[in-house]
Amino acid sequence: ESKRDIVLRDYQMEVAKPALDEKNIIICLPTGSGKTRVAVYITKKHLEKKKQMGQPGKVVVLVNK
């Protein structure tokens, strides 16, 4: 495990799983529960997968604030 590895808690991985299976998701968790961490994890995994396939990766993040 390197410094760049992101480790998710079980409930965070449960939220991330559909996105890792290439589904579109909306992350809805309480304040302080790691929504940004989950989003960064999903983004990292998506871009790594596309890079391994020799394809460009694209990510869209929408934030309402």
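The values are calculated or read from the model by the stated rules, or taken from the named source; none is laboratory data. Owing to the predicted nature of the structure, the values given are computational and were not obtained by experimental measurement. Note that each Cβ is placed from the backbone with ideal geometry, even for glycine, and that neighbours are counted across all protein chains shown.
Close contacts from the range 52-65, counting a first residue that is within 18 Å of Cys28 (Cα to Cα) and a second that is at pLDDT 90 or above, with Cβ to Cβ under 8 Å and a gap of 6+ residues or different chains, come to Val61/Ala39; Val61/Thr43. Within the range 27-64, being under 24 Å from Arg9 (Cβ atoms) and among the charged types (D, E, K, R) holds for Lys35, Arg37, Lys44, Lys45, Glu48, Lys49. Scoring Thr36 on the criteria (1) assigned to a helix (DSSP H, G or I); (2) of a type in the set (Ser, Thr, Tyr); (3) touching a residue at least 12 places away in the same chain (Cβ under 8 Å) leaves a single failure, condition (3). Evaluating Asp5 against the criteria (1) part of a loop (DSSP other than H, G, I, E, B); (2) under 11 Å from the mean Cα position of the chain (by Cα) leaves one unmet condition, (2). Residues in the range 43-65 that are surrounded by 10 or more Cβ atoms within 10 Å (Cβ to Cβ) and under 11 Å from the mean Cα position of the chain (by Cα): Thr43, Lys44, Lys45, His46, Leu47, Val59.
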